[in-house]
Amino acid sequence: MSKILSSLEEKVRDKVQEVKDPEITSVSLIEMGMLDDIEVNGSKATVKLIPTYLGCPALDMMEKDVVKAVSEIDGIDEVDVIFVKDPIWTSDRITPEGREKLKEFGIAPPPLHAHEQGAWEIECPYCGSTRTVLDNMFGPTACRSIFYCNKCKNPFEAIKPV
Amino acid sequence: MVKKYNTPEEAKQDQQYLDTLKELIFQLADDDLLISHRGSEWLGLAPHIEEDVAYSSITQNTMGHAAMLYELLEELGVGKADDLAHLRKPEEYRNARLVERVNGTGDYKENPDYDFGYAIIRNYAYELFKKIRLEALQQSSFVPLADTARKIKREQYYHLYHWEVWIDQLAHSTDEAQKRLNNAIQKTWEDVASLFDLGPKGDQIVEYGLLESGEMLKKKFMDQFKAKMENSGLIWPGEPQPLSETGREGRHSEEFVDALNHLSEVYKMDPQASW
Ligand SMILES: [Zn+2]
């Protein structure tokens with residue numbers, strides 16, 4: 001999102017920044033790269049979000065959380081959340097701050113290149129080693145895989161590159 | 001150059017285009033709905049816990065793909081997405097026969113005796129076909145459908161990969177594994193032709209630039225499936241039987257009607273409920 005925001009739109013953005021991914025509570029929707037656009041018309045705010053995984057049950061919660069947070073702003077009476085089809089979410093949309101916060105949460109951020117070439121190099125979020133192996137492509141949620149670190153002997157989760 | 005339709009509103013201006021488009025999206029959505037229903041019946045029954053987690057993730061994603069496609073239909077004014085998934089009559093569903101087949105003998109709640117070999121090969125066949133169809137849909141004349149296909153494809157990559165890993169590992173393990181995979185290929189082949197059928201509006205679907213022809217999809221599928229079988233030392237079953245009746249015209253098996261009843265049981269109790 002690169003356009004110049006009005007002051008009310010900036011307030012909306014600050015509120016969206018407070019909304020966290022319900023499954024990774026240290027990372028906000030903005031840091032996940034999910035915010036596409038904000039528009040304020042009179043007292044109505046429209047927040048356009050880019051959905052991460054289509055079957056993700058967290059999307060409904062995020063929608064409710066955004067409506068709740070933005071409704072708290074003085075001068076906003078109505079909040080509309082739209083999940084857009086274009087652009088599509090790709091894992092390289094996660095911001096540098098988002099990548100750091102994922103690591104703090106014990107989740108390896110996705111590799112920045114490599115999709116569809118098979119081998120990705122994943123850094124262990126605990127010790128930084130790249131001596132890691134894929135254990136299960138599918139982790140506890142659709143967007144994560146499970147890895148094992150051969151150096152510090154910890155299993156850990158990683159966001160799948162898409 | 002075929003004409004592009006950039007929004008649902010544009011598509012709604014052209015009744016013939018709209019009717020053809022709806023027919024196609026029902027095929028796509030219903031295929032994903034039924035294969036993920038069959039996947040959901042494996043929950044807790046997969047060979048090991050990692051597989052249970054992986055297969056149910058795939059199933060949940062695929063259900064999400066179906067939901068997104070029903071939402072496209074909702075935007076086209078066909079009806080509410082949840083109602084479209086649950087409340088149609090059996091003959092209004094447009095899925096291929098392959099995706100509605102039962103997982104094996106027995107019932108999910110009572111003595112399920114499912115065949116994981118069939119799960120591997122059926123899902124591999126469906127996901128391979130789905131990848132080829134998604135690649136073609138990325139050029140679709142209905143732009144929101146092309147966008148949706150791009151999105152689905154990035155997730156779907158992992159689904160196909162998952163079933164390939166099973167084939168790669170089992171095909172070179174034991175005679176028993178080889179035998180069961182070969183049997184599963186035979187069984188899958190009884191229905192595989194149902195995938196390439198574009199239904200009664202097939203010609204219009206192609207003319208309007210919504211999707212490439214069934215023959216083209218079939219050719220790509222057969223080339224890739226055959227290569228996989230050859231690399232794995234599995235038996236290539238040859239040209240599949242032509243279809244006798246087709247789900248794309250709403251003709252389904254009894255198994256399908258049972259599945260549909262299960263699938264919509266909870267929803268029908270209270271369609272107004274908020275989840
Ligand atoms: Zn480590």
request  = Please give the length that would be gained between B:ASP258 and B:ALA273 if that part of the chain were fully extended, namely 0.36 nm times their separation in residues minus their C-alpha to C-alpha distance (nm, one decimal).
outcome  = 3.1 nm
query = When the dipole is taken about the Cα centre of the protein assembly as shown, and only Lys, Arg (+1) and Asp, Glu (-1) are charged at their Cβ, what size is it in debye, to the nearest 20?
reply = 980 debye
note = Heavy-atom accessible area of region A:7-83 with neighbours in place, 1.4 angstrom probe: carbon+sulfur share in percent works out to 44 percent
key: Interface residues in region A:131-146 - accessible area drops by 40 Å² or more relative to the isolated chain, probe 1.4 Å   = A:ASN136, A:MET137, A:PHE138, A:ALA142
request  = Select from region B:126-169 all residues whose loss of accessible area on going from the chain by itself to the full protein assembly reaches 30 Å² or more (probe 1.4 Å).
outcome  = B:ASP147, B:ARG150, B:LYS151, B:ARG154, B:GLU155, B:TYR157, B:TYR158, B:TYR161
key: Global form of region B:170-275, assessed from the alpha-carbon gyration tensor, a/c cut-off 1.5   = oblate
task = Principal axes first, then extents: for the Cα atoms of the protein assembly as shown, list largest minus smallest coordinate on each axis, whole Å, largest first.
result = 66, 62, 48
Chains B and A together, accessible area buried on both sides, 1.4 angstrom probe, square angstrom = 2300 Å²
query = If R0 is 56 Å, what FRET efficiency do you get for B:LYS109 and A:LEU5 from their C-beta distance, rounded to 0.05?
reply = 0.55
message = What are the equivalent ellipsoid semi-axes of region A:7-83, built from the alpha-carbon gyration tensor (square roots of five times its eigenvalues), in whole angstrom, biggest first?
response = 20, 12, 11
remark   = In nanometres, the difference between 0.36 nm per residue of separation and the alpha-carbon distance of A:SER43 and A:ARG131 is 26.4 nm
query = Any idea how far apart A:ASP86 and B:GLU176 come out in nm if each label point goes 7 Å out from Cα toward Cβ?
reply = 5.3 nm
Descending semi-axes in whole angstrom, ellipsoid equivalent of chain B, from the Cα gyration tensor = 30, 23, 17
task = Work out from phi, with θ = phi - 60° and the Karplus expression 6.51 cos²θ - 1.76 cosθ + 1.60, the ³J(HN,Hα) of each residue of region B:130-136, listed in order in whole Hz, and give x for Gly and Pro.
result = 4, 4, 5, 5, 5, 4, 5
task = Give me the percent of DSSP beta bridges within the protein assembly as shown that run antiparallel, rounded to the nearest 5.
result = 70 percent
key: Top positive-direction residue, dipole computed over chain B with Cβ charges, set B:GLY117, B:THR20, B:SER264   = B:THR20
request  = Compute the whole-percent fraction of alpha carbon pairs in chain A spaced more than 22 Å apart.
outcome  = 45 percent
query = Got a sec? Charge dipole of the protein assembly as shown, +1 on Cβ for Lys and Arg, -1 for Asp and Glu; which of B:THR174, A:ILE146, B:MET63 is way out at the positive end?
reply = B:THR174
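The values are calculated or read from the model by the stated rules, or taken from the named source; none is laboratory data. Computed from a predicted model, the values in this text were never measured in an experiment. As a convention, Cβ positions derive from the backbone with ideal geometry for all residues, glycine included, and neighbour counts pool all protein chains shown. Note: accessible area is taken over every heavy atom of the protein model, side chains too, but ligands, DNA and RNA are not part of it. Shrake-Rupley method; radii C 1.70, N 1.55, O 1.52, S 1.80 Å.
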